[in-house]
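Scroll down for the structure; my scribbles are underneath it.
What follows draws every value from the coordinates through simple rules; no lab data is involved. Everything numeric in this text was worked out from a predicted model, so none of it was measured.
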Amino acid sequence: MIEKIKKNYFLIIGTFLFLYFFFNLLDGERGLISLVKKENLLKQLKIKEKQLNESIVDLEFKNSLLNENIDKDYIEILIREKFIYSKNGEKIYVLKKNEKPD
């Protein structure tokens, strides 16, 4: 038995080294599976960053309408949306989501 191990010493060591590097290539913190997970996370974070930047730009625009030169039309739109306010003689149509007007 020992004679066979001595004859195949390099083959056994080579096999174990190959298996070791193969499993470490796929698994682990720096493996290919981890790389794919991190790339997916990066894509999701970039999408979220883009959405947040768009939201910031929108909020800055709305803030500029209220701060610098007060836009009376925008204030009227806000009052009508938040308080469902209307003037005498006006008709208000409220559309629910996924409902088409007649």
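With n ≥ 4 as the cut-off for DSSP H runs, can you work out [θ] at 222 nm for the chain, using -39500 (n - 2.57) per run divided by the number of residues, rounded to the nearest 500? Spell out each step's value before the answer.
Numbers: 4 runs with 72 residues, N = 102.
Counting only the DSSP helices, I get -24000 deg cm²/dmol.
Calculate the tail of P(r) for the chain: the fraction of all Cα-Cα distances greater than 16 Å, expressed in %.
Details: 4094 of 5151 pairs.
Tail fraction, whole percent: 79.
Near LYS50, which lysines are there with a Cα under 28 Å away, not counting those fewer than 8 places off in the same chain?
Candidates past the 8-residue exclusion: LYS37, LYS38, LYS62, LYS82, LYS97.
Relative to the first principal axis of the alpha-carbon coordinates of the chain, what is the inclination of helix 32-67, with its axis defined by its Cα atoms, in degrees from 0 to 90 and to the nearest 10?
20 degrees
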